[in-house]
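Some notes on the structure that comes next.
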Amino acid sequence: MAAGKQQQTRPWCPFCGLDVGRPSETVQRTMKEFPAGRCQCGAVYVSDATGHSIGAAMVECLVFACGDEWDLAWELIPEDDYLTGIVEDYDDVSHQICPKRNLDGRAVRGILYFVRLHKDVAEIAARFAKKKEREAQAGVAAPPVEPARDPKRQRQQANKQLVKQLVDAGDIDALVNLSFDDKRTLRFLQKLLYEPLPEKRYKTAWVIGQVTARLSTREPAPVADMLHRLFEACSDSASMPWGMVEAIGAIVVARTDIYGAFTRHLLNFMGDEGTREAALHGLTEIAAVRPDLVRSTPFYSLFPLLGHDSAVVRGLTVRLLGRIKANEVIFQIMGLQKDQSEIVIYQHGEPVKTTVAALVTEAVAELQRT
């Protein structure tokens, strides 16, 4: 550690005093914007090169310390559950502390934000991390990381007409490239969800899921921002949430390893007739790849929907409960074996005609495998 104020030094941990390594991007990036690191004493830290986003760095560092378990992070209390520290005047280029706040003509304003969990909380976070690792291994593999784009390439400009043409053509590759070039692409995609025809909404939502899955392998922050905008749009009582819930489900399904924590929030849309079917569809698709995410929610509240007046609601509920192995209601599900009501469900954004009875047969087969 430096004795004088003018000497450049290596950054250190404010808890143990040891030098810390250069923060880096984690291999399995989640909803992160800042490079992160871990000290030998157990503290974790993130780097904000500008020094202007301390609030965001604080939240991200705390969530990182909790093994990306957001619910646990929000329950913790400063001082009682964890300690924080800041190392200022950090230069991320040279990985040095520069008290003069200037190095080779460059302004140095960065910070390293540290969080160290108390022992009992750290043990809880470690158990969460191990459980999440086991569940992820049992689920689908994350998509491969997108190749880095050439920084010297000619960047495309997104506009609503171009995005709509690519969606209609189902050109996922072009939309992914456009999203890397122009982040407004996601906003144009969101605007296309305002469509009264459900087949078009589900198609657009599925495309959004495919695009954001690939974009998030390198740039998860814009996808996280989109998720928050979608939730805000759903909570706005002055607007019609056409396609919003469908898109939330599609994004979570495509990257359950990152956005699986949003699964339980889909249950909040079950009480509204206008969003109930879309929420059920999203939960059903999530259950196809990660049934544990749905079973960790209060899914018992879905049981009464087996007797709902809407055939679509009955059919989707049957399919969902079959996929999560809800043996608690196997007899109620079997009671719908003669329900020949015709319904339309969506797979990969395409409408598929079926009957409630056919979905019961599928669900019973799933339940009998347990």
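The values are calculated or read from the model by the stated rules, or taken from the named source; none is laboratory data. Just so you know, these numbers come straight off a predicted model, no measurement behind them. In this analysis, Cβ positions are derived from the backbone assuming ideal geometry, glycine residues included, and neighbour counts consider all displayed protein chains. Keep in mind that these areas ignore ligands, DNA and RNA; they rest on the heavy atoms of the full protein, side chains included. Shrake-Rupley method; radii C 1.70, N 1.55, O 1.52, S 1.80 Å.
Some notes on this structure:
- At a Cβ-Cβ separation cutoff of 4.7 angstrom, cysteine residues of the chain with no neighbouring cysteine are CYS61, CYS66, CYS98, CYS234.
- Per residue, the chain exposes 50 Å² of solvent-accessible protein surface, assessed with a 1.4 angstrom probe and all protein chains in place.
- Packing here is the average count of other Cβ atoms within 10 Å per residue, and on that basis the peptides 261-270, 70-79, highest first, run 261-270, 70-79.
- If you wrap the Cα atoms of the chain in a convex hull and average its projected area over all directions, you get 21.6 nm².
- Added length on full extension, which subtracts the Cα-Cα distance from 0.36 nm per residue, ASP272 to GLN332: 19.2 nm
- The chain, accessible surface, carbon-and-sulfur percent (1.4 angstrom probe): 51 percent
- Simple point charges give the picture: +1 on the Cβ of Lys and Arg, -1 on the Cβ of Asp and Glu, and for the range 34-110 a dipole about the Cα centre of about 560 debye.
- Here the label points at THR50 and ARG155, each 7 Å from Cα along the C-beta direction, are separated by 1.5 nm in the simple model.
- Restricting the calculation to alpha carbons of the range 298-345 gives Rg and Dmax of 10.0, 29 angstrom.
- For the range 168-213, the convex hull spanned by the alpha carbon atoms encloses 58 Å³ per residue.
- Set of aspartates and glutamates near LYS325 by C-alpha distance (under 19 Å), chain-local residues within fewer than 8 positions excluded: GLU135, GLU285, ASP292, GLU362, GLU366
- Helices in the chain, meaning DSSP H runs of at least 4 residues, each add -39500 (n - 2.57). Divided by all residues, the mean residue ellipticity at 222 nm is -14000 deg cm²/dmol.
- Value of D in µm² per second that Stokes-Einstein yields for the range 119-269, Kirkwood Rh from Cα pairs, at 25 °C (0.890 mPa s): 148 µm²/s
- Its Cα centre serving as origin, the chain has a Cβ charge dipole (Lys and Arg +1, Asp and Glu -1) of approximately 740 debye.
- For the range 218-337, taking Cα atoms only, Rg and Dmax work out to 14.5, 48 Å respectively.
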